[in-house]
Amino acid sequence: MGKKLVAGLLMAVLASLGMAQIRADGSSTVYPITQAVAEEFTQRNPGVKVAVAFSGTGGGFKKFCRGETDIQNASRPIKKAELEECEKNGIKFIEIPVAYDALSVIVNPRNTWATCLKTSEVRAIWEPNSKVQFWSDVRKEWPKARIVLFGAGTDSGTFDYFTEAIMGKSGAIRKDYQPTEDDNVTIRGVAAGLYAMGFLGVAYVEENKGKVKPVAIDNGKGCVLPTREAVLDGSYQPLARPLFIYVNVKSLERKEVRDFVDFYLSPAARRAIRSTGYIELPAEAYAIGQELVKRRKTGTFFMDLPVGTPFSKFVEELKKELR
């Protein structure tokens, strides 16, 4: 049975039950945020079903730009090719930042040696045709044990951001790692292997404390762990990044979508965002998002945002969006 037919049947069933449905897909990183907000929203609006899925930022944009979803969760800004696909299909959208992430390199809790890595060492491990096979290839005093690597797949915005931030080129990565669009797979892999390493969003680290542990990153100014404070003060570099939702303007013709997006940007939803472990934006940023929706201001403002943009600089750029 085709996906569109299944979706159509589901909508018909929900309609018969008197329920409206909102469809969100995309980033597995942003998934916990939208899911948490959706749970809060549906408690207040039991007549609305918010279906949240994750197929990766890239996979989600394919659906979004075909008009199959109302909301696209994204752990990076939209790419030019994705923008062109949306334009070709007549999909207009509003780009809304919702939180900040500290993309994290993780190891097994029993790993006692790799507490801090220089960005050059992270690059050496993950770069295409890497010569690093054993931990001792990174630092000779470390164990001569093979590194088992887990990370985001090519449809993931985390994959795009990590490779661009660390390698300087999106998509540049070694081939012999275990890719996945489901961050829980990376968690399980690293939790099970003493010599394993992975990378994913900080919310999954917070949710799995004791199962995995984050590695501090030294970008030239000392070892810095992926914490809220380090993101806010700009010291966690280059893996701090903004997280977005993209809203189909046509979907805003439906009251349930308008209500959900308004709730997403309201003070009432901040508790849900904080509960995921991500870093909430200043209240002013959510007010700007609400104004963008009110004005139906479409298009992308952040497509060319440089990786590693400090939090304070990002907020300043966001303020310009209404000018």
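The values are calculated or read from the model by the stated rules, or taken from the named source; none is laboratory data. All figures in this text were calculated on a predicted structure; none of them were measured in a lab. Surface areas here come from the heavy atoms of the whole protein model, side chains and all, with no ligands, DNA or RNA. Shrake-Rupley method; radii C 1.70, N 1.55, O 1.52, S 1.80 Å.
What number, rounded to the nearest 500 deg cm²/dmol, is the helix-based mean residue ellipticity at 222 nm of the chain, given -39500 (n - 2.57) per DSSP H run of at least four residues and division by all its residues?
Numbers: 13 runs with 124 residues, N = 323.
Result for the chain, helices only: -11000 deg cm²/dmol.
Please list, short to long, the whole-number percent of alpha-carbon pairs of the chain in consecutive 20 angstrom bins beginning at zero.
Percent of pairs per bin, in order: 33, 55, 12, 0.
By how many degrees, 0 to 90 and rounded to 10, does the Cα axis of helix 157-167 deviate from the longest principal axis of the chain?
40
Just to be sure I understand: of the beta bridges DSSP finds with both ends in the chain, what percent are antiparallel, rounded to 5? Don't skip to the end; give the middle numbers.
Values: 24 of 42 bridges.
In the chain, approximately 55 percent of DSSP beta bridges are antiparallel ones.
How much of the accessible area of the chain, probe 1.4 Å, is carbon plus sulfur, in whole percent? Can you show the working numbers first?
Numbers: 7400 of 14140 Å².
Roughly 52 percent of what the probe reaches on the chain is carbon or sulfur.
Give the angle, between 0 and 90 degrees and rounded to the nearest 10, that separates the Cα long axis of helix 3-16 from the longest principal axis of the Cα atoms of the chain.
50
How compact is segment 199-323 by the rule of thumb for globular proteins, expressed as Cα Rg over 2.2 N^0.38 Å? Could the numbers behind the result be given before it?
Values: Rg = 16.3 Å, N = 125, 2.2 N^0.38 = 13.8 Å.
Against the compact-globule rule of thumb, the ratio is 1.18.
Return one number: the angle in degrees, 0 to 90 and rounded to the nearest 10, between the long axis of the Cα atoms of helix 31-44 and the longest principal axis of the Cα atoms of the chain.
40
If you average the alpha carbon positions of segment 285-323 and of segment 107-172, how far apart do those two centres end up, in angstrom?
31
So with the 1.4 Å probe, I'd like the accessible area per residue for the chain, rounded to whole Å². Don't skip to the answer; put the middle values down first.
Working: 14140 Å² over 323 residues.
For the chain, the solvent-accessible area averages 44 Å² per residue.
List, in the order given, every pair from 118/169; 209/294; 49/319; 63/255 whose Cα-Cα distance in the structure shown is over 29 Å.
Values: 118/169 18 Å; 209/294 40 Å; 49/319 33 Å; 63/255 22 Å.
The answer is 209/294; 49/319.
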